[in-house]
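Novice: Here's a structure for you.
The values are calculated or read from the model by the stated rules, or taken from the named source; none is laboratory data. In this text the structure is predicted, and so the values were computed from the model without any measurement. Cβ sites come from the backbone with ideal geometry, for glycine too, and all protein chains shown count toward neighbours. Note: areas computed on protein heavy atoms with side chains; ligands, DNA, RNA excluded. Shrake-Rupley method; radii C 1.70, N 1.55, O 1.52, S 1.80 Å.
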Amino acid sequence: MTILPAEIARARGHAVLRRFAMAEAASIEECAEMFERVRDNTRTYAAAYSSCTHPGTGLKMFEYLENNDLMEMGMGVHGEGGGDNRIPMPKAGRLAELMADALIQDKPYRPGESLLILVNGTGAATAMELNILYNELEKTFRSKGFEIAGCRVGNFLTTQELAGVSVSICSVDDTMKELWERPCDCPLWVQK
């Protein structure tokens, strides 16, 4: 077992990083270099439409979304609020636009880049909801001039029963695409 530097282990797009590390049998230095490239090219943005229960107290983390007509944008991975960034519940196409715009502006990404997209359910979102959102995200990114190099949709990192989604995108080059497509068999990722 190899322990990686803490700053690499805490990097954005955790599942994307694990996927690349499991794809390449390389030295620790080469793995760390790839982790850093993926980290630097990955951004994640999350949104939720209902709360989760704190495992230590049994209390709801927040109550204000429970009427299901609001969505919290920019949520933290453990259910932390997005800085009072609440909007009326959008349809999937509009949510995809909002999330794509936030992600693109953060790096910033440029049209023509090749992207991997990871859509992660945060706990209570259904597979149907996640796949509908992915479909809208793919259309949105393509309409903005991006290539889609690959995707993964599922529950990779959940927080109790938090109903929402996190979306990670990673700009990839040919080497990264090739690593992404290799067979992999680890707890969060099986690809034959």
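Novice: Kindly indicate whether Val16 is buried (at least 17 other Cβ atoms within 10 Å of the Cβ), under 16 Å from the mean Cα position of the chain (by Cα), at pLDDT 85 or above and under 13 Å from Met176 (Cα atoms).
Specialist: On the way: buried (at least 17 other Cβ atoms within 10 Å of the Cβ): yes; under 16 Å from the mean Cα position of the chain (by Cα): yes; at pLDDT 85 or above: no; under 13 Å from Met176 (Cα atoms): yes.
Taking the combined requirement at face value, the residue does not satisfy it.
Novice: Let me ask something else about it. Pick from region 106-116 the residues that are in a strand (DSSP E or B) and crowded, with 19+ Cβ neighbours inside 10 Å: which of them is nearest to the chain's Cα centre (by Cα)?
Specialist: Kept after step one, since they are in a strand (DSSP E or B), are these residues of region 106-116: 114-116.
Checking the rest, the ones that are also crowded, with 19+ Cβ neighbours inside 10 Å come to 115-116.
Values: Leu115: 12, Leu116: 10 Å.
Here the answer is Leu116.
Novice: In region 131-167, how many residues are closer than 26 Å to His54 by Cβ and either surrounded by fewer than 19 Cβ atoms within 10 Å (Cβ to Cβ) or without any contact (Cβ under 8 Å) to a residue 24 or more places away in the chain (or both)?
Specialist: 6
Novice: Still on this model: State the number of residues belonging to region 168-184 that are acidic (Asp, Glu) and free of Cβ contacts under 8 Å to residues at least 12 places away in the same chain.
Specialist: Matching residues across region 168-184 total 2.
Yes/no matrix, rows are residues, columns are (1) part of a loop (DSSP other than H, G, I, E, B); (2) touching a helix residue (DSSP H, G or I) at 6+ places or on another chain (Cβ under 7 Å); (3) hydroxyl-bearing (Ser, Thr, Tyr):
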| position | (1), (2), (3) |
| --- | --- |
| Cys151 | no, yes, no |
| Thr158 | yes, no, yes |
| Val165 | no, yes, no |
| Ser168 | no, yes, yes |
| Ser171 | no, no, yes |
| Glu178 | no, no, no |
| Asp185 | no, no, no |
| Val190 | no, no, no |
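Novice: If a residue must be more than 11 Å from the chain's Cα centre (by Cα) and open to solvent by less than 20 Å² (accessible area, probe 1.4 Å), how many such residues does region 117-130 contain? Can you show your working first?
Specialist: At the first step, the residues of region 117-130 found to be more than 11 Å from the chain's Cα centre (by Cα) are 123-130.
Filter once more, keeping what is open to solvent by less than 20 Å² (accessible area, probe 1.4 Å): 125, 130.
Looking only at that region, the number is 2.
Novice: Considering Thr57, Thr42, Thr53, which residue is surrounded by fewer than 20 Cβ atoms within 10 Å (Cβ to Cβ), out of contact with any His (no Cβ under 9 Å at 6 or more places or on another chain) and modelled with pLDDT of 85 or more? So that I can check it myself, show each step before the final result.
Specialist: Working: Thr42 fails: surrounded by fewer than 20 Cβ atoms within 10 Å (Cβ to Cβ); Thr53 fails: modelled with pLDDT of 85 or more.
Matching residue, one of Thr57, Thr42, Thr53: Thr57.
Novice: Among the numbered conditions (1) open to solvent by 70 Å² or more (accessible area, probe 1.4 Å); (2) in contact with a strand residue (DSSP E or B) (Cβ under 7 Å, 6 or more places away or on another chain); (3) modelled with pLDDT of 80 or more, tell me where Arg37 comes up short.
Specialist: The failed condition is (2).
Novice: On to the next question. Going by what's in this entry, would Ala48 be described as touching a helix residue (DSSP H, G or I) at 6+ places or on another chain (Cβ under 9 Å), modelled with pLDDT of 60 or more and not β-branched (Val, Ile, Thr)? Working first, answer last.
Specialist: On the way: touching a helix residue (DSSP H, G or I) at 6+ places or on another chain (Cβ under 9 Å): no; modelled with pLDDT of 60 or more: yes; not β-branched (Val, Ile, Thr): yes.
No.
Novice: Taking the residues in region 84-102 that are part of a loop (DSSP other than H, G, I, E, B) and open to solvent by less than 70 Å² (accessible area, probe 1.4 Å) as candidates, determine which candidate is modelled with the lowest pLDDT.
Specialist: Taking region 84-102 first, the residues part of a loop (DSSP other than H, G, I, E, B) are 84-85, 89-91.
Still in the list and also open to solvent by less than 70 Å² (accessible area, probe 1.4 Å): 85, 90.
Working: Asn85: 82, Pro90: 94.
Ranking the candidates gives Asn85 first.
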